[in-house]
């Protein structure tokens with residue numbers, strides 16, 4: 001009996017000691033991101049990237065339309081092998097355009113992630129400094145559909161904003 005009781009007692013004491021050392025906070029990193037002045041440049045760069053993709057698509061569509069028009073105008077004088085070659089070329093362009101359109105949103109998302117990564121890194125470094133300074137062992141990210149209740153005294157959002165030099169309203 002003593003052999004079983006001692007490990008259980010030790011486990012209970014260890015659990016209580018760990019629980020007393022734990023301090024949990026929260027942060028709304030998306031809110032901080034929305035208030036960062038650098039976000040304006042990210043949005044401008046993303047818009048420029050989107051415009052470039054649209055221009056690339058327009059070039060592809062214009063090329064496609066020119067080849068279709070040339071095919072339609074010269075189809076009567078073409079031999080069967082020439083027709084087949086031109087049709088395959090047009091079909092390849094159609095597929096390329098469809099693939100480009102399909103991948104366009106993914107390309108924009110990748111570019112957005114690439115542009116936002118330095119901002120999230122900046123938030124993360126500031127959070128790490130604040131959490132260490134205030135003795136937090138864990139910090140949870142909150143969203144609008146996240147936690148049901150958060151005690152404002154454990155929310156580090158404003159503290160991190162101050163650390164980053166972002167005005168707090």
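Each value in this text was obtained by applying a stated rule to the coordinates, not by laboratory testing. Being a predicted model, the structure only gives us computed values, none of them experimental. Quick reminder, even Gly has a Cβ in these numbers, built from the backbone with ideal geometry, and neighbours come from all protein chains shown.
In table form, for the structure just shown:
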| read-out | value |
| --- | --- |
| Long-range Cα-Cα pairs in the range 23-164 (distance over 18 Å), rounded percent | 69 percent |
| Using alpha-carbon coordinates, inclination of helix 80-134 to the longest axis of the chain, degrees | 20 degrees |
| FRET E, pair residue 77, residue 99, Förster distance 25 Å, beta-carbon r, rounded to 0.05 | 0.20 |
| Relative contact order, percent, the chain [alpha-carbon distance under 8 Å, six or more residues apart] | 48 percent |
| 222 nm mean residue ellipticity, helices alone, for the chain (DSSP H n ≥ 4; -39,500 (n - 2.57); rounded to 500) | -26500 deg cm²/dmol |
| Extension gain (nm, one decimal) between residue 106 and residue 153, 0.36 nm per residue minus Cα-Cα | 13.0 nm |
| Set of the range 56-78 residues, backbone N closer than 18 Å to the point 7 Å along the Cα-Cβ line of residue 91 | 64-65, 67-69, 71-72, 75 |
